[in-house]
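Working notes for the structure below.
The values are calculated or read from the model by the stated rules, or taken from the named source; none is laboratory data. Every value quoted in this text rests on a predicted model; they were computed, and no experiment measured them. Note: ideal-geometry Cβ built from the backbone for every residue, glycine included; neighbour counts use all protein chains shown. Quick note on the areas: whole protein, heavy atoms, side chains included, nothing else; ligands and nucleic acids left out. Shrake-Rupley method; radii C 1.70, N 1.55, O 1.52, S 1.80 Å.
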Amino acid sequence: MAAPHADAPALVGIVNATPDSFSQDGRGHTAAVDLALQMVEDGADWVDVGGESTRPGAAPVPEDAELARVVPVITALRQRSGVPISVDTRKARVAD
């Protein structure tokens, strides 16, 4: 889904698929996907999924751990919606 007009702003839904965002409630990736779908329902034109915190003092996340966080969310979101999805990462393999 694109913004209605080329000069209109697009609304991006940001989903942080990190343990400090989703894990303690026992729903994990399901909660992240539900949040993304709610954002789309509320008007997000696309969803950006990230698996590594960039807050000050956050520890770097190994590539495999980041993949384990974002791939299930992206896969489940794709199965349930045609919304464009981007991934917020510094790693080429995760971006692929």
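The angle separating the long axis of helix 28-41 from the principal Cα axis of greatest extent in the chain is about 20 degrees. In terms of the Cα gyration tensor, with a ≥ b ≥ c the square roots of its eigenvalues, is the chain rounded because a/c is under 1.5, prolate because a/b exceeds b/c, or oblate? Because a/c hits 1.5 or more and a/b exceeds b/c, the chain counts as prolate. Accessible surface calculations at 1.4 Å, restricted to protein heavy atoms, place the chain at 61 Å² per residue.
A simple spin-label model places pseudo-atoms 7 Å from Cα toward Cβ; at ASP48 and ALA65 they are separated by 2.3 nm. Measuring nothing but how far apart in sequence close Cα pairs (under 8 Å, 6+ apart) lie, relative to its length, the chain scores a relative contact order of 31 percent. With both labels modelled 7 Å from their Cα along Cα-to-Cβ, the ARG93 to ASP7 distance reads 4.6 nm. Each Lys and Arg adds +1 at its Cβ and each Asp and Glu adds -1 at its Cβ; summed about the Cα centre, the stretch 40-96 shows a dipole of about 140 debye. Under the rule that an exposed site lies in a DSSP loop and has at most 13 other Cβ atoms within 10 Å, name the longest stretch of the chain with no trypsin sites (Lys or Arg not before Pro) of that kind, not counting the sites themselves. Within the chain, the longest run free of exposed trypsin sites (Lys or Arg not before Pro) spans 28-89.
For the chain, with all protein chains in place and a probe radius of 1.4 Å, 55% of the accessible heavy-atom surface sits on carbon or sulfur.
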